[in-house]
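FYI, it's all coordinate maths here, none of it is from the lab. Nothing here was measured: the structure is a model prediction, and the numbers come from that model. Positions of Cβ are backbone-derived with ideal geometry, glycine not excepted, and every protein chain shown enters the neighbour counts.
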Amino acid sequence: MLATCSEYIGCMQRIQPCHTILLDTHIANYYTAVVMKTPRLLGGFENLLLLVILRLDDRAYGVAIRKELLDEADKDVAIGAIYTGLDRLEQKGFVHSWSGEPTPERGGRAKKFYGVTAQGKKALQETHRAIHRLSTGLEGSLTACLSF
């Protein structure tokens, strides 16, 4: 059976570019969802954020995190990118947040503080363990690029 794009739109949301499509009498879309047994490793920025939050302990809030990234990791990160990363880490259950007391110097607004959860610490350990295993035996090769 031949169908034009306007007839096919009922089966799909949108087709670009529009062509005449040969359709079978039955259309079925299948996909496979794979659940991985081991969680994925942290990305570089996630790793840095979690480490900074651990370093700052109960003083970890947006501006302090940005300052620590700049001072200790030489990373000048926009505050919006930091908050986006923190939101994603919170959605994954790697950090939790709470509001501090409102302060006059902030116009009566409270700071939002962050802490690393047990799940976040586990993700950090797994990531650092994988990095250590992968770099074991490469000390000579890494000397030039890892000299501090």
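Using a Förster distance of 25 Å, how high is the FRET efficiency between Ala81 and Leu138, based on the Cβ-Cβ distance and rounded to 0.05? Can you show the working numbers first?
Working: r = 31 Å, r/R0 = 1.23.
Working from the Cβ atoms, E equals 0.25.
Would you mind ranking Tyr61, Tyr83 by Cβ crowding within 10 Å, fewest neighbours first? Can you show the working numbers first?
Values: Tyr61 20, Tyr83 14.
Listing Tyr61, Tyr83 from fewest to most nearby Cβ atoms yields Tyr83, Tyr61.
Count charges around Gly93 for me, please; just the other residues with Cβ under 12 Å from its Cβ, Lys/Arg as +1, Asp/Glu as -1. All intermediate terms of the calculation are to be shown ahead of the outcome.
Details: positive: Arg88, Lys92, Lys121, Lys122; negative: Glu90.
For residues surrounding Gly93, the net value is +3.
Please list, short to long, the whole-number percent of alpha-carbon pairs of segment 44-146 in consecutive 5 angstrom bins beginning at zero.
Percent of pairs per bin, in order: 2, 12, 20, 20, 18, 12, 8, 4, 2, 2, 1.
To the nearest 0.05, how large is the calculated FRET efficiency for Thr103 and Ala130 if R₀ is 35 Å and r is the Cβ-Cβ distance?
For R0 = 35 Å, the calculated efficiency reads 0.30.
Starting from the Cα-Cα distance between Ala118 and Asn47, subtract it from 0.36 nm times their residue separation and give me the gain in nm to one decimal. Working shown, then result.
Numbers: separation 71, 0.36 × 71 = 25.56 nm, distance 1.45 nm.
Working it through step by step, the gained length comes to 24.1 nm.
Tell me, what HN-Hα J-couplings in whole Hz come from the Karplus equation 6.51 cos²θ - 1.76 cosθ + 1.60 at θ = phi - 60° for each residue of segment 132-140, using x for Gly and Pro?
With coefficients 6.51, -1.76 and 1.60, one gets 4, 4, 5, 8, 4, x, 9, 3, x Hz.
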